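Read through the structure below, which is laid out as structure tokens, and then see the notes.
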Amino acid sequence: MDSAGAMAVHGLSAEVFLDYSHELRSATTDIICINTQSRLMYEPQAIKAVASATKLLRAFGCNRLYKKIDSTLRGNVGAELTAMMAAARKQRAFVCPAFPEIGRTVRDGILEVDGRRLTVSREGNDPFSNVDESSVVRLLEKQTKGSVGHVPIGIIERGAEAVNKRIQELFADGCDLIVLDAITTAHMSTLASVITRNYPGEIAVGSAGLASALAKSVGHEQTAKENPIPIDPTAQLLLISGSLHPASHQQIQELASSVNIALLPIKAADILQERPSINAMATQSAQEIARAFDSGRHAALYWEDPVSVQALLEDESTNEWRVQAIAEFYKGVLEKLHDQSKMSDLIVVGGETAYVVAKALQAMSVLITDEVRPGIPVGQLAGGLAAGQLLVTKAGGFGRHTVLVEVIEYLEADSYTT
């Protein structure tokens, strides 16, 4: 969603399908994005998911392919890129995970987060998807069979012509994967210009940073958005945070002093240790949310103690059923709100949580309409129990301490436009 949102703000309509099981015949947007949900999969599963999604896109007629990867290289980066290239019958790819707007940069082939090498940053030490390599070049060399070339920042700063010359030299030397440095948005624009003008048929690989630059380079940027969608500034919002990141917990606590909201903490033990209590807890939470709405307040559902949740999920012997228990809990809450006609627009913190929530609502896809700010997309759910409702998503560790306040202020405006 964040990459699709980055493209949408530059005038490209975008739709994100929850998985590759859906038919694309009804799709009419410029950008068709398929969520493979493969970051935490075992490698063989990830390869199958990405290959299937790629074949589906190619069969539908998509002639430009973008492989969205995490801006901190979590997941099966090399294996998924290899699978996509094979399924698309492409020999070359350009790789740049930089996202300067949120502090992700690539210098000398090294990915940095807010000026620190990835492996020593908090973001590089995800307990569920740890990254042990800061060098994008070395990571690709370890995870693929391709020959990896690198275009350093010194050449990037000399402009598009110098970058293209270096790329041609690397191709002549037998390189088929090209890692590109970028520190600023101007660097990203240079890279996008080279790729769109000289290599439109090759695969581009990156985060929302490169996605935004490519969309802008294609030339669809609008001076003003059209077709305003009215939003009731007095409507209640439901925020669901499944993130275990300390930053997201702080962001939720910040809401209490700034927003008219009921904070509804979830105790890990109630759901992850007492399986029979899941339905009871879902009923209780739905009732608390409904009471908040009736009193004119927003509601936020979040983990009371993220550390205890993380400890329980790290136990591999019980992890699978506990992940399922979390999904059952969210599903129960949302279904009960729907039954009470209390369904609301949603703010969801954490990518995995956003997927679980959308699936629980039986949505088919999300039509991306805008961004609150880079990395925080806004969309409308298509299909299911909450069709037409807004969905705003944010990565768990992303944003300053007031970011959720800013999201709610955005949604409380008289209207927003697409």
Test: LEU111 is among the hydrophobic types (A, V, I, L, M, F, W, C), more than 30 Å from ALA247 (Cβ to Cβ), touching a Leu at 6+ places or on another chain (Cβ under 6 Å) and at pLDDT 95 or above: no
Starting from residues that are part of a helix (DSSP H, G or I) and acidic (Asp, Glu), keep the ones in segment 335-346 and report whichever is nearest to LEU391 (Cα to Cα). GLU335
Filter pass, LEU255 being under 21 Å from GLN340 (Cα atoms), of a type in the set (A, V, I, L, M) and either at pLDDT 90 or above or out of contact with any strand residue (DSSP E or B) (no Cβ under 7 Å at 6 or more places or on another chain) (or both): no
Can you pull out the residues in segment 371-418 that are touching a residue at least 40 places away in the same chain (Cβ under 8 Å) and touching a Phe, Trp or Tyr at 6+ places or on another chain (Cβ under 6 Å)? GLY375
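Yes or no, residue by residue, for (1) at pLDDT 95 or above; (2) in contact with an Asp or Glu (Cβ under 6 Å, 6 or more places away or on another chain); (3) among the charged types (D, E, K, R):
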{"site": "LEU24", "(1), (2), (3)": "no, no, no"}
{"site": "CYS62", "(1), (2), (3)": "no, no, no"}
{"site": "TYR66", "(1), (2), (3)": "yes, no, no"}
{"site": "GLY75", "(1), (2), (3)": "no, no, no"}
{"site": "ALA87", "(1), (2), (3)": "yes, no, no"}
{"site": "ARG92", "(1), (2), (3)": "yes, yes, yes"}
With the requirement that a residue be outside any loop (DSSP other than H, G, I, E, B) and surrounded by 21 or more Cβ atoms within 10 Å (Cβ to Cβ), what does segment 236-248 give you? LEU237, LEU238, LEU239, ILE240, SER241, SER248
Residue list for segment 269-312, restricted to those being β-branched (Val, Ile, Thr), within 27 Å of the chain's Cα centre (by Cα) and more than 21 Å from SER257 (Cα to Cα): ILE271, VAL307, VAL309
Checking the structure you have, find out if any residue of segment 148-161 is surrounded by fewer than 20 Cβ atoms within 10 Å (Cβ to Cβ), without any contact (Cβ under 8 Å) to a residue 24 or more places away in the chain and within 19 Å of GLY78 (Cα to Cα). no
Log entry, pairs with first residue in segment 82-95 being open to solvent by 50 Å² or more (accessible area, probe 1.4 Å), second being not small (Gly, Ala, Ser), beta carbons closer than 6 Å, six or more apart or on different chains, reads THR82/THR144; GLN91/ASP176; ARG92/ASP176; ARG92/GLU202
Among the residues of segment 347-365, is there at least one that is in a loop (DSSP other than H, G, I, E, B), aliphatic (A, V, I, L, M) and open to solvent by less than 30 Å² (accessible area, probe 1.4 Å)? yes
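The values are calculated or read from the model by the stated rules, or taken from the named source; none is laboratory data. Small disclaimer: the values here were computed from a predicted structure and weren't measured. Reconstructed Cβ throughout: ideal geometry from the backbone, glycine too, with neighbour counts over all protein chains shown. With ligands, DNA and RNA removed, areas are computed over all heavy atoms of the protein, side chains included. Shrake-Rupley method; radii C 1.70, N 1.55, O 1.52, S 1.80 Å.
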